[in-house]
Amino acid sequence: MIEVLAKLGRGPVFLAGEVLECVITFTNPLSASSTSASSEMLAWASAQIHCQFHASENRVALPPSDGSKHDVQAENETVFVPNRGERGQCILSTPPKILFCDLRLDPGESKSYSYCEMLPIDGPPSFRGQSVKYVYKLTIGCQRVNSPIKLLRVPFRVLVLHGLKDYQFPQDEAVAPSNPFLEEEEGLKKDSRLADLATELLMVATSRRSLHLYNISNTRGKVGTFCIFKTVYKIGEDVIGTFNFSEGDIPCLQFSVSLQTEESIQEEFQRRRGQPGSFSTHARHQEACLHTAQSSFSLPIPLSSTPGFTTNIVSLKWRLHFEFVTSGESAGTCLVRGSQSEAVTWTGVEQIDVDTFSWDLPIKVLPTNPILASYVSQFSSTNSITI
């Protein structure tokens, strides 16, 4: 028996273009209950990164693929096929790397190997939607002599930040930012600079603030104004906005704000022409606001959510969805006098005519530092298998 342990040192979330590093340890455990211990042999081990794409047949019409071709090797259990048994199709993969050949482990002995691979910068982000899914995995294949291959799959999450692909690092290393007190390999140095660059680009894009004022009105008149200071955010940030109803002509009884994503299939892949998008609500604020002059809301963007993106098949956009309930009468008629005694009591009316309307405000949501996203990731940094 051999235990195979794969550990992602920095966590299970990466930016496209970064280098994924995984330490894979092979151990021949020494059991106290066993009376005879023997050496174990592995013929070889290999590792490869791949992205699986799966689409809902009810929503997405994909063109016929070349999967009809009969691949004899894929059915052979001694051939390393990383996506064997996976749903959907493999749309992206890195070249396989051999970790070792003919490994012998004595009882209690362990051997560790480091797997490093740059994540393709032009791939899609990790996404689990209602219509499509993009799932990234590192698959490690191991084989004993004259035995089928065993696969250890390590799922991880990929965030895509547009703009990194076109960035050119300085050719003169003398002017490039570096720490003279640390000795770094060239690949790790560039990877660290890529993460720093992504953090800087995100900070610049999301720190710009300017006052955005919107008049809220329906067919009968003005309800109020809405104020927001920016429309570009990172996942993990809060969307904050304020309302001013004091200048409105129409009384607002209630409002709600929802933070939503719209998943839309590109027209050429829609199952039905004019197919509507799929909406998901990530946070919601609702408030009764009759006779309220000002109000505000704060909606957190979950770190586990997917930033906006577009591929040839699907696009994901973010928006704020507003719903307002307004009175069909003036503000004064929303209260009635309850008694004629010296102590006057004002109570709400039992019935009132209302109007409802909605409004959508598009916003832009970008990725964040992958280390922060790792704290709430559903994936584990450590995965193991026994062969």
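The values are calculated or read from the model by the stated rules, or taken from the named source; none is laboratory data. Keep in mind that this is a model prediction, so the values were computed, not measured. Accessible surface areas use protein heavy atoms only, side chains included; no ligands, DNA or RNA. Shrake-Rupley method; radii C 1.70, N 1.55, O 1.52, S 1.80 Å.
Below are the figures for this structure:
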quantity: Inter-part distance where the stretch 1-27 and the stretch 89-150 are each reduced to a Cα centre, Å; calculated: 9
quantity: Residues with amide H under 5 Å from that of Val314, placed H, sequence gap 5 or more; calculated: Gln266
quantity: Listed residue pairs exceeding 30 Å between alpha carbons, taken from Lys150/Lys317; Lys111/Lys137; Lys7/Lys364; Lys97/Lys317; Lys133/Lys364; Lys137/Lys230; calculated: Lys150/Lys317; Lys7/Lys364; Lys97/Lys317; Lys137/Lys230
quantity: Gain on full stretching of the segment that runs from Phe229 to Val204 - 0.36 nm per residue minus C-alpha separation; calculated: 7.5 nm
quantity: Probe 1.4 Å, protein heavy atoms only - accessible area per residue of the stretch 181-319 in square angstrom; calculated: 54
quantity: Whether the stretch 243-318 is rounded, prolate or oblate, judged on the alpha carbon gyration tensor where a/c under 1.5 counts as rounded; calculated: prolate
